[in-house]
Amino acid sequence: MTSRTAALRYARALFDVAVKEAADLQEVEQDLTAFAELFSRHDTLRKVLLNPAVPAPRKRATVAELLERMKVSPVVGKLMTLLAERDRLMLVPELLDAYRQRLLDHRHIVRAEVTTAAALPADRTEAIGQSLAAATGRQVMLATRVDPSIIGGMVTRIGSTVYDGSLIGQLARMKKKLGGDGIQQRWT
């Protein structure tokens, strides 16, 4: 099983338990974030807790002490303790990403990214967000990006789906339809 798959399973289990126990889903996300940031900020701690030579009981005791000081929700505490026991703490960053995605799905929010050749004015960005919300039937969390190489138009990414309405994309599709080298092949 890949680490991504394992992280998805743990995130799904955490989310399901949090819902079942009526835990504050946002608080669970904040606690996970705090634990992940602790890992990223303290290199020595990360090296010790991820080192396979350190026995699992020692890792569990260290994590238990950290959790007590951080005062995390019981649901997150149990999961972090379980991950320490199973020597799976390296999954925390991916688990956090997967949990955040589950939380967005639960709230009917979809992430979208719009790439344009030039910066968009705020009213245009808002209009695009509203159009995407109408098209998806969900609230949209929109991020914008500028990439002059697309020349014009826009590229929209919603989840893993990409809608390429860029000028460079249209030119590439025209070239493909015309047979790669364009019209010259047909006339020679």
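Some notes on this structure:
- Residue, surrounded by the fewest Cβ atoms within 10 Å (Cβ to Cβ), within the range 20-51, restricted to residues that are in a helix (DSSP H, G or I) and among the polar types (S, T, N, Q): Thr44
- Restricting the range 1-22 to residues that are of a type in the set (Gly, Ala, Ser) and at pLDDT below 90, the residue that is farthest from Pro74 (Cα to Cα): Ser3
- One residue alone among Val72, Val63, Val54, Val17 is touching a residue at least 12 places away in the same chain (Cβ under 8 Å), part of a loop (DSSP other than H, G, I, E, B), surrounded by 11 or more Cβ atoms within 10 Å (Cβ to Cβ) and in contact with a helix residue (DSSP H, G or I) (Cβ under 9 Å, 6 or more places away or on another chain), and that residue is Val72.
- Taken over the range 126-144, the criterion of being surrounded by 13 or more Cβ atoms within 10 Å (Cβ to Cβ) and not hydroxyl-bearing (Ser, Thr, Tyr) is satisfied by Ile128, Gly129, Leu132, Ala133, Ala135, Arg138, Gln139, Val140, Met141, Leu142.
- Ala117, sole failed condition from (1) surrounded by 15 or more Cβ atoms within 10 Å (Cβ to Cβ); (2) under 30 Å from Phe39 (Cβ atoms): (2)
- Glu94 being in contact with a Lys or Arg (Cβ under 7 Å, 6 or more places away or on another chain), more than 30 Å from Asp43 (Cβ to Cβ) and surrounded by 12 or more Cβ atoms within 10 Å (Cβ to Cβ): no
The values are calculated or read from the model by the stated rules, or taken from the named source; none is laboratory data. Note that the structure is predicted; figures quoted are calculated from it, not measured. Because the Cβ atoms are built from the backbone with ideal geometry, glycine has one as well, and the counts that use them run over all protein chains shown.
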